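A quick write-up on the structure given underneath.
The values are calculated or read from the model by the stated rules, or taken from the named source; none is laboratory data. The structure presented is a predicted model; accordingly, all values stated were derived computationally and were not measured. Every residue, glycine as well, gets a Cβ built from its backbone with ideal geometry; the counts of neighbours run over all protein chains shown.
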């Protein structure tokens, strides 16, 4: 049966297909009966013989007329089926609507004390779960794709390391990853001004424009955005991070620093009780760290 003919919002007797079917069968039966009557010689006989003859003579048109009952029953059954489907659809729609706002409410409760007060949680929710209003609570494919691209960072830094350690990080690498960082922040912050504090950095006194410290700054900014974005994602209990080894506990930027005691013998307190470390030592340490994580991240296991 064609569903479009059975409007579940109408009563059965108000459906056109019901009356069309009944009238068609009745008229067809009547026409056949008239044809039989016109081409046969009958006399009026009110005895049982006459009635039996009537039944026998008009068996075919009567059989057609009798089809009205099962066909109407079939149409009624199909109409009830359409009404049941509509009831299920409405119930599911109500459940999706209710679950959607419950999801938003729980999302807000979970994150209200975990993220910046500047964050518009409704805005974040709509970007992280773009199909939630349809009952699909899977993560934004774009969000996961952007996070996954950070796995290539150690390899990209190694492959684009300048020959001279005093030279800066190539501009195309900085543009590539800071673009990803901004796009990720854009998933949770409505106003770009609210996350600029996370992509600014303190300039080193002597080495700010070198590969060492520009790479360090980039890695720190990447680690920060990963931590912030995954705070939102971890609202979903079964969230699995697409990041392999790029975590603060595995890629410790606190190890990358330059500290040299004055040559005049003046005693100073090293920052955070760090030992003396030259620029060359810090640069070598960064390279070894990138090599280690580049191998881990690109390992098949």
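General remarks:
- Remark: residue 61 matches the filter, which requires a residue to be more than 30 Å from residue 212 (Cβ to Cβ), in a helix (DSSP H, G or I) and either at pLDDT 95 or above or touching a helix residue (DSSP H, G or I) at 6+ places or on another chain (Cβ under 7 Å) (or both).
- Checked against the criteria, residue 81 counts as over 26 Å from residue 228 (Cβ atoms) and surrounded by fewer than 15 Cβ atoms within 10 Å (Cβ to Cβ).
- Close pairs from segment 280-301: first modelled with pLDDT under 75, partner assigned to a loop (DSSP other than H, G, I, E, B), Cβ under 8 Å, at least 6 apart: 296/244; 296/245; 297/244; 297/245; 297/246
Residue by residue, here is whether (1) under 24 Å from residue 217 (Cβ atoms); (2) in contact with a strand residue (DSSP E or B) (Cβ under 6 Å, 6 or more places away or on another chain); (3) free of Cβ contacts under 8 Å to residues at least 40 places away in the same chain; (4) outside the structural domain of residue 284 (by TED's automatic domain parsing) holds:
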{"site": "129", "(1), (2), (3), (4)": "no, no, yes, no"}
{"site": "137", "(1), (2), (3), (4)": "no, no, no, no"}
{"site": "147", "(1), (2), (3), (4)": "yes, no, no, no"}
{"site": "164", "(1), (2), (3), (4)": "yes, no, yes, no"}
{"site": "177", "(1), (2), (3), (4)": "yes, no, no, no"}
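- Filter pass, residue 270 being in the same structural domain as residue 154 (by TED's automatic domain parsing), surrounded by 10 or more Cβ atoms within 10 Å (Cβ to Cβ) and modelled with pLDDT under 70: yes
- In segment 214-235, the condition of being at pLDDT 90 or above and not in a helix (DSSP H, G or I) is met by at least one residue.
- Within segment 236-267, considering residues that are within 29 Å of residue 211 (Cβ to Cβ) and modelled with pLDDT of 90 or more, the one surrounded by the fewest Cβ atoms within 10 Å (Cβ to Cβ): 241
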